Amino acid sequence: MRIVIVASEGVPFSKTGGLADVVGSLPKALAEAGQPVEVILPRYRMTKPGNVLPPLASLTIPLASGFRFAAIQDGGESKGVHTLLVDLPEFFGRDGLYQDKGTDYPDNAARFAAFSLAALEAIKRTGGPPDVLHCHDWQSALVPIYLRNLYSSDPFFAGTSVLLTVHNLGYQGLFPPHILPQISLHAGLFTIEGLEFYGKVNLLKGGLVFSDFINTVSRKYAEEIQTEEYGCGLDGVLRSRAGRVTGILNGVDYDAWDPATDKLIPANFSPADVKGKLACKKALLQGMGARDVRPERPLIGIVARFAAQKGFDLIADIAGPLMAMDIYVVALGTGEPLYEDLFKRLAAKFPDKFFAKVAYDNNLAHQIEAGADIFLMPSRYEPCGLNQIYSLKYGTVPVVRATGGLDDTIEAFDGNSGTGFKFDEYSPKALLASLKEAVTAFQNQTAWRRLMLNGMRKDFSWATSARQYEKIYQMLVKEKSKSRPAAVAAPSRG
């Protein structure tokens with residue numbers, strides 16, 4: 001099979017969030033299983049140049065505002081994964097990937113239209129017809145839209161299927177109707193059956209409509225997004241395609257997240273010897289400026305984007321009774337000013353118990369995972385979540401709301417089995433009750449150690465998830481096999 005992954009970000013080339021981690025890790029796991037893949041990404045300003053190689057191809061991209069000229073650069077091969085970079089400096093040579101100071105770039109539709117068209121043309125110039133194009137979120141949802149419209153008569157792609165992975169349904173790519181001709185799409189697509197969405201063009205909706213199969217990043221979230229509560233207005237579209245929607249839990253890169261080998265924490269530890277975790281706790285508290293370091297007091301960690309989705313309105317509602325408990329809290333993240341201010345105020349009001357850093361700090365994120373006793377994720381919704389999985393590996397017990405991937409990955413502790421604490425109702429009362437349950441359980445260190453070890457022994461590596469993706473690829477290839485045309489000769493790379 002020729003599998004090509006098309007996405008707007010991917011490590012080690014670019015990153016703003018979990019999408020980049022998936023695009024960086026899934027292809028490696030597929031390659032390790034014997035299924036090498038190619039990845040196509042934009043080349044952003046943050047993308048390190050690496051070896052200077054001549055462009056593989058020069059492309060002319062037609063948009064209503066005029067031609068755009070992109071170079072396809074060779075991003076190299078690593079662990080069986082070959083990466084191509086779309087170099088278009090006027091669109092991607094910027095400080096941010098999608099935004100400037102929290103505001104979306106006004107030409108995002110044109111930017112990712114040009115990227116999607118360049119990706120399709122690059123595929124034609126660098127190999128034979130792909131069996132599956134695997135796209136991610138609204139930024140590359142234009143690929144199936146173009147494939148089933150502009151490219152519908154192109155024999156090169158006649159046997160190609162498209163899988164679209166939705167990482168967060170809340171981000172949809174909404175634009176005014178006049179954008180369609182500007183991105184080389186016919187105005188006739190602006191219908192309820194097509195891209196129209198409450199008077200706007202919805203690019204993610206177009207991807208859902210024109211893709212052959214759809215998945216999201218946990219089993220529970222795949223169910224939730226087909227309901228009015230979590231469907232963000234697209235639940236009807238998803239229900240109409242229910243037989244073509246599934247959930248595959250994201251894996252974790254344990255090369256980066258393993259307390260036994262983590263070079264970013266002050267002491268390593270493992271299920272066989274957890275003594276280093278206490279050293280990490282003391283170092284974390286001291287590093288955050290705690291004047292009174294009391295190891296017997298449970299430490300609650302938070303690492304997240306500071307946004308309403310993450311449940312921080314609930315924390316605001318229980319701040320008083322929470323801080324009346326004999327605990328420490330360490331919070332790290334950036335996001336909405338409302339919640340950045342909340343954490344700053346709590347840190348100022350409770351300087352001996354609440355510590356906050358408003359920043360992106362990967363080193364500190366690892367230190368919180370290693371040093372905290374409890375990890376808090378009270379999300380309103382959570383497609384997958386990774387920090388609760390990191391926490392399990394680090395013996396840091398998650399307290400989560402039972403939604404999306406949080407519900408799929410955390411098993412309620414019953415005194416013997418289980419890996420964490422969960423609450424169902426999205427309410428301050430339910431969150432506070434779950435936190436009190438965890439803090440009380442912490443006092444029984446024998447049971448707590450059992451709980452820690454239950455989590456540390458779980459395996460959420462990418463191998464299992466990669467096998468599930470491979471099964472979807474194989475199914476799509478099988479479905480297309482009867483209509484696949486004669487092979488189109490691959491162009492020479494030389």
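Points to keep in mind about this one:
- Residue check for ARG2: over 21 Å from the mean Cα position of the chain (by Cα), at pLDDT 95 or above and either within 28 Å of GLY385 (Cα to Cα) or not small (Gly, Ala, Ser) (or both): yes
- Just so you know, in segment 1-11 the residues that are surrounded by fewer than 24 Cβ atoms within 10 Å (Cβ to Cβ) and touching a residue at least 24 places away in the same chain (Cβ under 8 Å) include one that is nearest to ARG305 (Cα to Cα), and it is ILE3.
- Taking the criterion of being of a type in the set (Gly, Ala, Ser), surrounded by 17 or more Cβ atoms within 10 Å (Cβ to Cβ) and either more than 20 Å from the chain's Cα centre (by Cα) or at pLDDT below 95 (or both), the residues of segment 163-210 that qualify are SER184, GLY194, GLY206.
- Qualifying residue in segment 131-154 (condition: polar (S, T, N, Q) and without any contact (Cβ under 8 Å) to a residue 12 or more places away in the chain): yes
- The sole residue among ASP408, ASP414 that is farther than 29 Å from ALA283 by Cα and touching a Cys at 6+ places or on another chain (Cβ under 9 Å) is ASP408.
- When the test is whether a residue is surrounded by 15 or more Cβ atoms within 10 Å (Cβ to Cβ), within 30 Å of GLN468 (Cβ to Cβ) and out of contact with any helix residue (DSSP H, G or I) (no Cβ under 9 Å at 6 or more places or on another chain), LEU85 passes it.
- Scanning segment 443-480 for residues that are among the polar types (S, T, N, Q), touching a residue at least 24 places away in the same chain (Cβ under 8 Å), surrounded by fewer than 18 Cβ atoms within 10 Å (Cβ to Cβ) and part of a helix (DSSP H, G or I) returns THR464, GLN468, GLN474.
Residues checked against (1) of a type in the set (A, V, I, L, M, F, W, C); (2) assigned to a loop (DSSP other than H, G, I, E, B); (3) within 25 Å of PHE67 (Cβ to Cβ); (4) not assigned by TED's automatic domain parsing to the domain that holds LEU63:
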site: ASN149; (1), (2), (3), (4): no, yes, yes, no
site: SER152; (1), (2), (3), (4): no, yes, yes, no
site: LEU169; (1), (2), (3), (4): yes, yes, no, no
site: GLN172; (1), (2), (3), (4): no, yes, no, no
site: LEU180; (1), (2), (3), (4): yes, no, yes, no
site: LYS205; (1), (2), (3), (4): no, no, no, no
site: ALA222; (1), (2), (3), (4): yes, no, no, no
site: GLN226; (1), (2), (3), (4): no, yes, no, no
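- Residue count, segment 106-123 (criterion: in contact with a helix residue (DSSP H, G or I) (Cβ under 8 Å, 6 or more places away or on another chain), closer than 13 Å to VAL4 by Cα and in contact (Cβ under 8 Å) with a residue 40 or more places away in the chain): 2
- Out of ALA57, ALA64, ALA70, ALA7, sole residue that is of a type outside the set (Ser, Thr, Tyr), in contact with a helix residue (DSSP H, G or I) (Cβ under 8 Å, 6 or more places away or on another chain), within 22 Å of GLY207 (Cβ to Cβ) and at pLDDT below 90: ALA64
- Looking at GLY34, GLY76, just one residue is in a strand (DSSP E or B) and not hydrophobic (A, V, I, L, M, F, W, C), and that residue is GLY76.
- Each residue in segment 240-263 was checked for being in contact (Cβ under 8 Å) with a residue 40 or more places away in the chain and of a type in the set (A, V, I, L, M), and 3 of them qualify.
- Residues in segment 345-363 that are closer than 27 Å to GLY170 by Cβ and within 20 Å of the chain's Cα centre (by Cα) were compared, and the one that is surrounded by the fewest Cβ atoms within 10 Å (Cβ to Cβ) is ALA359.
One line per residue, one yes/no per condition, for (1) surrounded by 15 or more Cβ atoms within 10 Å (Cβ to Cβ); (2) assigned by TED's automatic domain parsing to the domain that holds LYS28; (3) not aromatic (Phe, Trp, Tyr):
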position: PRO62; (1), (2), (3): no, yes, yes
position: SER78; (1), (2), (3): no, yes, yes
position: PHE91; (1), (2), (3): yes, yes, no
position: ARG111; (1), (2), (3): yes, yes, yes
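- Residue list for segment 278-308, restricted to those being in a helix (DSSP H, G or I) and surrounded by fewer than 23 Cβ atoms within 10 Å (Cβ to Cβ): LEU278, ALA279, LYS282, ALA283, LEU285, GLN286, GLY287, ALA308
- Some residue of segment 202-215 being farther than 30 Å from PRO62 by Cα and touching a Ser or Thr at 6+ places or on another chain (Cβ under 6 Å): yes
- Filter pass, GLY415 being of a type in the set (Gly, Ala, Ser), assigned by TED's automatic domain parsing to the domain that holds GLY371, modelled with pLDDT under 95 and in contact with a helix residue (DSSP H, G or I) (Cβ under 8 Å, 6 or more places away or on another chain): yes
The values are calculated or read from the model by the stated rules, or taken from the named source; none is laboratory data. All values reported here derive from a predicted model rather than from experimental measurement. As a convention, Cβ positions derive from the backbone with ideal geometry for all residues, glycine included, and neighbour counts pool all protein chains shown.
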